[in-house]
Amino acid sequence: MKNTVSSARRFLIPAQSESLSIDFANTRYWRGTDAPTETFAKLDDVLAWCRDTAKIPAAMIDGFRVRCLQDEEAALAGAIALRELLYRLYLAHAQGAEPDGQDLSALRQYLGAAAPRKALSRVDGRYEWAVDGQYCSLTGLLSPVLWSATDLLGGTRLGKLKRCANDQCKWLFIDDSKSGNRRWCSMSACGNRAKAHRHYHGKTG
């Protein structure tokens, strides 16, 4: 018998914070180098991210594969297009610039295809959103990213959004430090690189 997934089925997706959409935008890193690192080399990479980071149920991903996946290359291109759209929007805000109107229009189209957040459940001490199985498109799988983007863009933490000061890195992050003067995506990575660079040139200068 052919394996099918009923569109009447409901899936529970754990509620995520607004930082999820930043994590998604950061799946391409070292953007300022000649050869940025691309973590979405194939569609399976996107689906693994959906499962492991966005906590999309495996059964919902299986439903996408069975009923909705027709062109893997087009699906991969769509995921990357959404990621780059979010990165451009967030970068504009991080740099104090006005976001592009076409990007905002494109985001509205993505949001129109996302699963709605209507049914909230309390499961094992956490909150989860119930999503109908009909939202098995790639945009449906990425609904938590779009929910996160809505919460970030319309929330109070948007003003804390920053870009790593390392021009080779360009990761995005929310600066929740008390001083509000965080510059690096992490001290263990770019912060220490900058310190080592200053130390080296201080000794050789």
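General remarks:
- Rounded tilt (10° steps) of 72-94 against the dominant C-alpha axis of the chain: 40 degrees
- Taking the helices alone, the chain has a mean residue ellipticity at 222 nm of -13000 deg cm²/dmol, built from -39,500 (n - 2.57) per DSSP H run of at least 4 residues and averaged over all its residues.
- Using bins of 10 Å that start at zero, the share of Cα-Cα pairs per bin across the chain amounts to 8, 31, 33, 19, 7, 2, 0, 0, in whole %.
- Over segment 62-174, the fraction of Cα-Cα pairs per 5 Å bin, rounded to whole percents and listed from the shortest bin up, is 2, 10, 17, 20, 18, 15, 11, 6, 1.
- Rounded tilt (10° steps) of 192-204 against the dominant C-alpha axis of the chain: 20 degrees
- For Thr150 and Lys118, a Förster radius of 22 Å and the Cβ-Cβ distance give a FRET efficiency of 0.95, rounded to the nearest 0.05.
- All-pairs Cα distance distribution in segment 17-71, expressed in whole percent, bin size 5 Å: 5, 17, 22, 22, 17, 10, 6, 2
- Rolling a 1.4 angstrom probe over the chain with all protein chains present gives an accessible area of which 48% lies on carbon and sulfur atoms.
- Gain in span if fully extended, Glu98 to Gln70, counting 0.36 nm per residue against the direct Cα distance: 6.4 nm
- Annotation: per residue accessible area for the chain equals 55 Å², rounded to a whole number [probe 1.4 Å, protein chains only].
- Inter-site label distance for Ala77 and Ala35 at 7 Å from Cα along Cβ, in nm: 2.6 nm
- Considering only Val123, Val66, Val46, the mean-square fluctuation computed in a Gaussian network model of the chain, springs between alpha carbons under 10 angstrom, is largest for Val123.
- Spin-label model, Ser179 to Asp167: label points 7 Å out along the Cα-to-beta-carbon direction sit 2.4 nm apart.
- Accessible surface ranking that places the most exposed of Glu98, Glu18 first, with a 1.4 angstrom probe: Glu98, Glu18
- Helix 143-153 axis, angle to the chain major axis (alpha carbon atoms, nearest 10°): 40 degrees
The values are calculated or read from the model by the stated rules, or taken from the named source; none is laboratory data. Predicted model only: the values in this text are computed from it and were never measured. Cβ atoms come from the backbone with ideal geometry, glycine included; neighbour counts cover every protein chain shown. Surface accessibility is based on the protein's heavy atoms, side chains included, excluding ligands, DNA and RNA. Shrake-Rupley method; radii C 1.70, N 1.55, O 1.52, S 1.80 Å.
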